[in-house]
Amino acid sequence: MNKLIKEAIKARKNSYSPYSKFAVGAAVLLKDGKVVHGTNVENVSYGLTNCAERSALFSAYSQGYKKDDIIAIAIVADTKDVVSPCGACRQVMIELINEDVPIYLGNTKEKVKEVKINDLLPCSFKEVEL
Ligand code: THU
């Protein structure tokens, strides 16, 4: 767990966040042992910003990995308490990771809290059968 938080801290160094100055890092641990990094990439048109955890998940999927390949995710920012993912990232995570995947929320002082996606987004909108 700590190792993945350290990877997220490394990923944070690549943050492109000239507007918020809030650097976030994420790391996705895969079944084959590979770790995929992601960071927040901002835009002058603020709404086009991509968060760190979404960048990491999109990168893993872009490399051909699927939901069942993901065994953990860590997200880190330089906050007093652990970082808390935004609503958009919660919605993306509910679709791209399994419900039992540990999500390690951390800060740069290595404070860590483990949650699951259903803790972050209860009663979520998912693929529905019609
Ligand atoms: N941000 C993330 O990358 N992940 C989070 O969990 C929270 C917010 C980014 C988006 C934006 O670049 C900056 O943090 C400030 O909101």
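The values are calculated or read from the model by the stated rules, or taken from the named source; none is laboratory data. These numbers come from a predicted model, not from an experiment. Cβ sites come from the backbone with ideal geometry, for glycine too, and all protein chains shown count toward neighbours. Only protein heavy atoms, including side chains, enter the accessible area calculation; ligands, DNA and RNA are left aside. Shrake-Rupley method; radii C 1.70, N 1.55, O 1.52, S 1.80 Å.
Which one is farthest from residue 29 (Cα to Cα) among residues in region 90-130 that are touching a residue at least 60 places away in the same chain (Cβ under 8 Å), more than 15 Å from the ligand (Cβ to nearest atom) and open to solvent by 40 Å² or more (accessible area, probe 1.4 Å)?
My answer is 110.
From the set of residues in region 31-89 that are within 8 Å of the ligand (Cβ to nearest atom) and over 18 Å from residue 4 (Cα atoms), which is surrounded by the most Cβ atoms within 10 Å (Cβ to Cβ)?
By that ranking, first place goes to 89.
Quickly run through region 1-19 and pick out the residues that are more than 17 Å from residue 69 (Cα to Cα) and open to solvent by less than 60 Å² (accessible area, probe 1.4 Å).
Once the filter is applied, which keeps residues that are more than 17 Å from residue 69 (Cα to Cα) and open to solvent by less than 60 Å² (accessible area, probe 1.4 Å), region 1-19 yields 5, 7, 8, 9, 11, 12, 15, 17, 18.
Working only within region 20-30, note down all residues that are open to solvent by 70 Å² or more (accessible area, probe 1.4 Å) and either closer than 13 Å to residue 7 by Cα or without any contact (Cβ under 8 Å) to a residue 24 or more places away in the chain (or both).
21
Tell me, please, whether a residue that is in contact with a helix residue (DSSP H, G or I) (Cβ under 8 Å, 6 or more places away or on another chain), part of a loop (DSSP other than H, G, I, E, B) and under 11 Å from residue 24 (Cα atoms) can be found in region 52-62.
No, region 52-62 has no match at all.
Are there any pairs with C-beta distances below 6 angstrom linking a residue in region 58-72 that is at pLDDT 95 or above to a residue that is open to solvent by less than 70 Å² (accessible area, probe 1.4 Å) and assigned to a helix (DSSP H, G or I), with the two at least 6 apart or on different chains, and if so which?
Going by the 6 Å Cβ cut-off, the qualifying pairs are 72/4.
Would you point out the residue of region 6-30, among those that are in a strand (DSSP E or B) and of a type in the set (A, V, I, L, M), that is farthest from the ligand (Cβ to nearest atom)?
Result: 30.
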